[in-house]
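*Asks:* Before I ask anything, here is the structure I am working with.
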């Protein structure tokens, strides 16, 4: 995106004598922030905000959510009392300190400064508690200083378009016990690193400071650039666009890990180059991957020229990583692929409600299935398109998506468009009824994208596919002055009709996007030379015995979820129950597995809360099976089945129109053809 150009992270280090009070007062920007990390042991950041008011009693506000993560996260809960001072012009006899006022909080994330008049310069001070390891907020301790400005920087109402200057002030004690050359700032913005010369200042070692200076065009740009200061590994690589221009990429890795960085660089380079080859160019001049390796945490968040990732360290490539990436490493590469593509498909082409979005309230759209769903389909596809994984492994990843879909009975209750609206109240707040009540727009959205891709291919004799739809939107975005566009459901139709009849798209949208009909996944894959093998027994026996998910504890089998209309549900077993005995024997996974296919009623003793209960489980063989619902495609009382996929080279398969085509031709077209 041209508006965000000139964003290469630069970190020249110089020993300069800098007066802290001078840096507090002198700024070329209209809005100036200082983030002081001296209290990192307490997970606190002290913030100083200075600005010149353009109105009386100005207001300050903090976002309630961060773009890319659709939940009201209420970041203001981590801010303690806000105070401010009015800085008067100095006079010959003015020696007294400015008066300190307490800001008035007027709602959950807004503060007012009643004593301030237009034209006066104000310094606002507050502290932020930062101890959330996720990629959406901020985390501060003796190992790393990480933050999103949506969690840290109060915005000045009416002055959000003013230029912004930021100083990240890090005490020298943070660098203790670290290899100083590896303590780096990772950020998509340009940065200058200044180190105070303690000899000239005559200060003690503990008072030395490192200052990282950043600038942004305005507040909305600032909050699109997370940062991390930590001991990090780093490598750089170059991607070339179709004009033979180079795009600089940097990869930062923090946390305890022993990753094979050479292998990671090779694979990430291939993936990124494949995206740019397909789309021709990129909406950025440079790109930054920021990754923290942890124990089990996993996630990512997209930004215009960077992504913030957190991954289990076991997902990183090992020293002896095989030529074909391990399953865990494939998961990490898929995460990188997913967030990288979002620079085009969320940050540049985005839902229309996200163009001038108010981060204080929800922004509802039915199109999250388009942006997260398309991305969840394309991210794994690009792993095999780049040659990082082979086709068999791609089909394994695709089968995992399909199996998640089949094992979610809520797909018959909620459409993928409804799921997009409900992200704000359901996606990030799962409970024991989640799988029964709805479907994820990531999961079903990916499979809707798969079906649309295969239908476009079929109807155009291989000329068009989903990638052409995405590229058409991106081309439109580049033609705008802002280099981005917001799209609606109607826009989807107007672009897709360039590649397939509009009536066919509207029928597809009605049945599979706004409706809950079963997706024609298997028929479309078979028509493209992919054989599907179903295994109902494995899923029923190993994953959801009696239609419930449970784990073994010292107290017994703890029930986590019960599928609607399952054997367990009809017996009266509920989530959070603890089963202590099955058929007179202590309940454990082995006993449950042994009796899951019993032909006689099974007696279960369980605790619900602190009350002992006994229920009779009637085996599936003695239960009347409900007929298939032709509207939803759902079948009552039948466990979800599990599928595996494989290429059917040379076999003849039948598509929906009874046209025969060689399996070879189908999968070669679908998996290999990437139009540029």
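Where a number appears in this text, it was derived from the coordinates with a stated rule and is not lab data. None of these values were measured; they are calculated from a predicted model. Every residue, glycine among them, receives a Cβ derived from its backbone with ideal geometry; neighbour counts consider all protein chains shown.
*Asks:* Can you give me the angle between helix 663-672 and the longest principal axis of the chain, using Cα atoms only, in degrees from 0 to 90, rounded to the nearest 10?
*Replies:* 10 degrees
*Asks:* Now a separate question. Determine the equivalent ellipsoid of region 240-360 by diagonalising the alpha-carbon gyration tensor, then write out the semi-axes as square roots of 5 times the eigenvalues, largest first, rounded to whole Å.
*Replies:* Working through the eigenvalues yields semi-axes of 26, 19, 11 Å.
*Asks:* Using alpha carbon centroids, what distance separates region 127-166 and region 426-490, in Å?
*Replies:* 31 Å
*Asks:* For the pair residue 607 and residue 552, what calculated FRET efficiency results from E = 1/(1 + (r/R0)^6), where r is the Cβ-Cβ distance and R0 = 22 Å, to the nearest 0.05?
*Replies:* E between residue 552 and residue 607, to the nearest 0.05, is 0.90.
*Asks:* Right, another one. How do 582-588, 470-476, 225-231 rank on mean C-beta neighbours within 10 Å, highest first?
*Replies:* Output ranking for 582-588, 470-476, 225-231: 225-231, 470-476, 582-588.
*Asks:* For region 548-619, what Kirkwood radius comes out of the mean inverse Cα-Cα distance, in Å?
*Replies:* After inverting the pairwise mean of 1/r, the radius is 11.9 Å.
*Asks:* How big is the convex hull of the Cα atoms of region 406-482, per residue, in Å³?
*Replies:* Spelled out: Cα convex hull of region 406-482, divided by residues, is 113 Å³.
*Asks:* Nearest 10 degrees, 0 to 90: what angle lies between the long axis of helix 443-459 and the longest principal axis of the chain (Cα atoms)?
*Replies:* With both axes taken from Cα atoms, the answer is about 70 degrees.
*Asks:* Specify the angular offset, from 0 to 90 degrees and rounded to the nearest 10, of the alpha carbon long axis of helix 374-385 from the longest principal axis of the alpha carbons in the chain.
*Replies:* With rounding to tens, the tilt is 80 degrees.
*Asks:* I would also like to ask the following. Only counting other Cβ atoms within 10 Å, I'd like 513, 47 sorted with the fewest neighbours first. Walk me through the intermediate numbers first.
*Replies:* Details: 513 26, 47 19.
Listed from fewest to most nearby Cβ atoms, that is 47, 513.
*Asks:* Roughly speaking, what is the stretch gain from residue 523 to residue 180, that is 0.36 nm per residue apart minus the C-alpha to C-alpha distance, in nm to one decimal?
*Replies:* Full extension of this stretch gives 117.7 nm more.
*Asks:* Can I ask one more? According to the square roots a ≥ b ≥ c of the eigenvalues of the Cα gyration tensor, what is the shape class of region 41-82, taking rounded for a/c under 1.5, prolate for a/b larger than b/c otherwise, and oblate for the remainder?
*Replies:* On the way: a/c = 2.47, a/b = 1.28, b/c = 1.93.
Oblate shape, in that a/c is at least 1.5 and b/c is the bigger or equal ratio.
*Asks:* Taking the Cα centroid of region 94-117 and of region 312-333, what is the distance between the two, rounded to the nearest whole Å?
*Replies:* Region 94-117 and region 312-333 have Cα centres separated by 52 Å.
*Asks:* Which parts of region 329-367 would a label at residue 277 reach, counting a residue when its backbone N lies under 17 Å from a point 7 Å out along Cα-to-Cβ?
*Replies:* 337, 341
*Asks:* Using just the helices of the chain, give the 222 nm mean residue ellipticity in deg cm²/dmol: DSSP H runs with n ≥ 4 each add -39,500 (n - 2.57), and the total is spread over all residues, rounded to 500.
*Replies:* Helix contribution divided over all residues of the chain: -7000 deg cm²/dmol.
*Asks:* Related question: So how much slack lies between residue 105 and residue 576, counting 0.36 nm per residue of separation and subtracting their Cα-Cα distance, in nm?
*Replies:* Gain on extension, residue 105 to residue 576, equals 165.5 nm.
*Asks:* Let me check against my output: what whole-number percent is the relative contact order of the chain, with C-alpha pairs under 8 Å and at least 6 apart? Could you put the intermediate results ahead of the total?
*Replies:* Details: 1408 pairs, mean separation 71.4, N = 676.
Over the chain, the number comes to 11 percent.
*Asks:* I would also like to ask the following. Give me the three principal axis extents of the chain from the C-alpha atoms, as integers in angstrom, largest value leading.
*Replies:* 95, 66, 52
*Asks:* Using 5 Å bins from zero, what percent of all Cα-Cα pairs in region 493-624 falls into each bin?
*Replies:* Bin by bin from 0 Å, the calculated values are 2, 9, 15, 17, 12, 8, 7, 8, 8, 6, 4, 3, 1, 0.
*Asks:* Further question: In nm², what is the average projected area of the convex hull enclosing the Cα atoms of region 109-150?
*Replies:* 4.4 nm²
*Asks:* Still on this model: Could you list 426, 108 so that the one with the fewest beta carbons within 10 Å of its beta carbon is first and the one with the most is last?
*Replies:* Fewest-to-most Cβ neighbours within 10 Å comes out as 108, 426.
*Asks:* If each residue's Cβ is checked for other Cβ atoms within 10 Å, how do 83, 342, 303 rank with the fewest at the top? Kindly include the intermediate steps, with their values, before the conclusion.
*Replies:* Numbers: 83 15, 342 23, 303 28.
Ordered from fewest to most neighbouring Cβ atoms within 10 Å, 83, 342, 303 come out as 83, 342, 303.
*Asks:* Further, regarding this structure: Modelled label-to-label distance, residue 55 and residue 459, 7 Å Cα→beta-carbon offset: nm?
*Replies:* My value for the distance between the label points is 4.9 nm.
*Asks:* Calculate the spin-label point distance for residue 294 paired with residue 424, positioning each point 7 Å from the Cα along the beta-carbon direction, and give it in nanometres.
*Replies:* Label-label distance for residue 424 and residue 294, simple model: 2.7 nm.
*Asks:* OK, next. For region 545-622, what relative contact order do you get, as a whole percent, if you take Cα pairs closer than 8 Å and at least 6 residues apart? Let's see the in-between values first.
*Replies:* Numbers: 156 pairs, mean separation 20.8, N = 78.
Relative contact order, region 545-622: 27 percent.
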